[in-house]
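Following: one structure in structure tokens, then a few remarks.
The values are calculated or read from the model by the stated rules, or taken from the named source; none is laboratory data. Note that this is a predicted model, so its numbers are computed, not measured. Every residue, glycine among them, receives a Cβ derived from its backbone with ideal geometry; neighbour counts consider all protein chains shown.
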Amino acid sequence: MKLVEAVIKPFKLDEVKDALLEMGIEGMTVSEVKGFGRQKGHKETYRGQEYTIEFVPKVKIEVAVTDAVVAEVIEAIIRAAKTGSIGDGKIFVRDLTEVIRIRTGETGDTAL
């Protein structure tokens, strides 16, 4: 099992969610996060004053999946989240050693 974490632009959330639901992914966790990568934030002007926004708002999606569908999930996220401009985000894949559904006590792949 794997945990796929994608940090994307906020306006792409609905497209990514729809792409994952279309694949049959039944659950995901979404968090509003802030950060920066190579772009190191950006400058904006407000009432004539220029200031730097160091931490750019992003959305983090976490999806636990079986090993069999990891590549498909990654491709779906890339297709839906890609704009071709800087700051499109990143995808991280981690091993999951155990998953337990609290309500039923199911473990492993059946808990997903």
Exercise for the section: Starting from region 96-112, keep only residues that are among the basic types (Lys, Arg), then list their pairs with residues that are assigned to a loop (DSSP other than H, G, I, E, B) whose Cβ atoms are within a distance under 9 Å, requiring at least 6 positions of separation or different chains. Expected result: Arg101/Leu112
Completion exercise
Going through region 51-85 in order, the residues found to be without any contact (Cβ under 8 Å) to a residue 12 or more places away in the chain and either hydroxyl-bearing (Ser, Thr, Tyr) or touching a strand residue (DSSP E or B) at 6+ places or on another chain (Cβ under 6 Å) (or both) are Tyr51, Thr52, Ser85
Problem - Pairs with Cβ under 9 Å, 6+ apart, first in region 1-25 and within 15 Å of Lys60 (Cβ to Cβ), second aromatic (Phe, Trp, Tyr) and surrounded by fewer than 17 Cβ atoms within 10 Å (Cβ to Cβ) - result: Leu3/Phe92; Val4/Phe92; Glu5/Phe92; Ala6/Phe92; Val7/Phe92
Handout entry: Those residues of region 37-65 which are closer than 17 Å to Ala19 by Cα and not aliphatic (A, V, I, L, M), in sequence order
Key = Lys60, Glu62
Practice task
Could you tell me which residue of region 73-112 is surrounded by the fewest Cβ atoms within 10 Å (Cβ to Cβ), considering only residues that are outside any strand (DSSP E or B), of a type in the set (Gly, Ala, Ser) and modelled with pLDDT under 95?
Solution key: Gly84
Practice task
Name every residue in region 33-72 that is surrounded by 13 or more Cβ atoms within 10 Å (Cβ to Cβ) and over 11 Å from the mean Cα position of the chain (by Cα), in order of residue number.
Solution key: Gly35, Phe36, Gly37, Gly41, Val56, Ala64, Val65, Thr66, Val69, Val70, Glu72
